[in-house]
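Take a look at the structure set out below.
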Amino acid sequence: HINGLPIIFTKSFIYRIEGQINADGTGNVRKRVISDTVGCLSHKSIIRTNHGLFFAGNNGIYITDGYQVTSLTAPELDDSYAELVSTVNKSNRITGTYDEKNELVYFGLSEIESENDVCWIYNINKRGFTKIRGIRMLFTSLMFFKKYVMRGDELGYIYEFNEGDSSDVRR
């Protein structure tokens, strides 16, 4: 939800739920289309922040405030993004998390078919993306824990992203 509005993400539409149901069951709700051209590719890519809901869509990374959907992906990234979501496997595997302190939104994506191996990081303040990739940086999930972005890998290890480390040392 965002701004007290429940949001429904499908592969081809984004909806919000309006109305209310009272304690006695009376009242009504209805769905309102926010976008009929943008869908969400992976439920694990939906990231709630105080700026809006970020998510990986059919043609790029988007944000919604519950009333409109805005693309964050610059046109020069279209081909790169299209390759990252070129198969159902790659699309379903997208994951994300939010670093509230630094206002960074992380998206784990796949350049290879088998696992997530690259991370696109959206800087809310600078309004742009950075891409990172490491040797054997294969991960299944991302999450923010205490002061660090953590990534779980296929072998059960947990790593932390630390901007001061250039080698992605296991902790």
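For this structure, a couple of remarks:
- Taking (1) under 23 Å from P6 (Cβ atoms); (2) open to solvent by less than 50 Å² (accessible area, probe 1.4 Å); (3) not β-branched (V, I, T) in turn, R48 satisfies each apart from (2).
- Residue match in segment 13-33 (condition: touching a helix residue (DSSP H, G or I) at 6+ places or on another chain (Cβ under 8 Å) and not polar (S, T, N, Q)): no
- Looking only at segment 128-144, and only at residues there that are more than 15 Å from the chain's Cα centre (by Cα) and open to solvent by 60 Å² or more (accessible area, probe 1.4 Å), the one that is modelled with the highest pLDDT: R133
- Meets criteria (open to solvent by less than 80 Å² (accessible area, probe 1.4 Å) and either touching a Phe, Trp or Tyr at 6+ places or on another chain (Cβ under 6 Å) or touching a residue at least 40 places away in the same chain (Cβ under 8 Å) (or both)) for T64: yes
Conditions (1) within 16 Å of I46 (Cα to Cα); (2) open to solvent by 80 Å² or more (accessible area, probe 1.4 Å); (3) at pLDDT below 90, marked per residue:
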{"site": "T73", "(1), (2), (3)": "yes, no, no"}
{"site": "T95", "(1), (2), (3)": "yes, no, no"}
{"site": "L104", "(1), (2), (3)": "yes, no, no"}
{"site": "V118", "(1), (2), (3)": "no, no, yes"}
{"site": "I121", "(1), (2), (3)": "yes, no, no"}
{"site": "N125", "(1), (2), (3)": "no, yes, no"}
{"site": "K146", "(1), (2), (3)": "no, yes, yes"}
{"site": "G152", "(1), (2), (3)": "no, no, yes"}
{"site": "S166", "(1), (2), (3)": "no, yes, yes"}
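- The set of residues from segment 35-52 being outside any loop (DSSP other than H, G, I, E, B) and either at positive phi or touching a residue at least 40 places away in the same chain (Cβ under 8 Å) (or both) comprises K44, S45, I47, R48, T49, G52.
- Taking the criterion of being in a loop (DSSP other than H, G, I, E, B) and either small (G, A, S) or open to solvent by 50 Å² or more (accessible area, probe 1.4 Å) (or both), the residues of segment 7-34 that qualify are K11, S12, F13, N22, A23, D24, G25, T26.
The values are calculated or read from the model by the stated rules, or taken from the named source; none is laboratory data. On a predicted model such as this, the values are computed, not experimentally measured, just so you know. For neighbour counting, all protein chains shown are included, and Cβ atoms are generated from backbone atoms with ideal geometry for every residue, glycine included. Just the protein is used for accessible areas: all its heavy atoms, side chains included, with ligands, DNA and RNA removed. Shrake-Rupley method; radii C 1.70, N 1.55, O 1.52, S 1.80 Å.
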